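Colleague: Just passing along the structure, written as structure tokens.
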Amino acid sequence: MANKKIEEFIACSCASEGLYVVRHAGEEELYLSFFSQGINPKRFNWKDKLRYIWNVLKNSKPFEDELVLNKHSVAKLKKILNKI
């Protein structure tokens, strides 16, 4: 593996979400974060906006969720994507 961080953002075709893929230098795990880009048909009221802002301030993570895959899971994901 190269000695640099690999990162890529893949936008959803609908332009409302995205997948952020990161692999840190020296680590085998692959981090997948699911982002909501804000071009979402759902309208947030002030309470939901404050809850979202609080989550970002508290956790420093504006993403919806995250998966961390080990090398075996990455291999399985690669196999599935290559089949498609």
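The values are calculated or read from the model by the stated rules, or taken from the named source; none is laboratory data. Keep in mind that what you see is a predicted model, and the values were worked out from it rather than measured. Here the Cβ is made from the backbone with ideal geometry for all residues, glycine too, and neighbour counts use every protein chain on show.
Colleague: Does Lys42 count as over 18 Å from the mean Cα position of the chain (by Cα) and modelled with pLDDT of 75 or more?
Modeller: no
Colleague: Look at segment 59-78 and say how many of its residues are modelled with pLDDT of 80 or more and either loosely packed, with under 10 Cβ neighbours inside 10 Å or more than 20 Å from the chain's Cα centre (by Cα) (or both).
Modeller: Within segment 59-78, residues that are modelled with pLDDT of 80 or more and either loosely packed, with under 10 Cβ neighbours inside 10 Å or more than 20 Å from the chain's Cα centre (by Cα) (or both) number 1.
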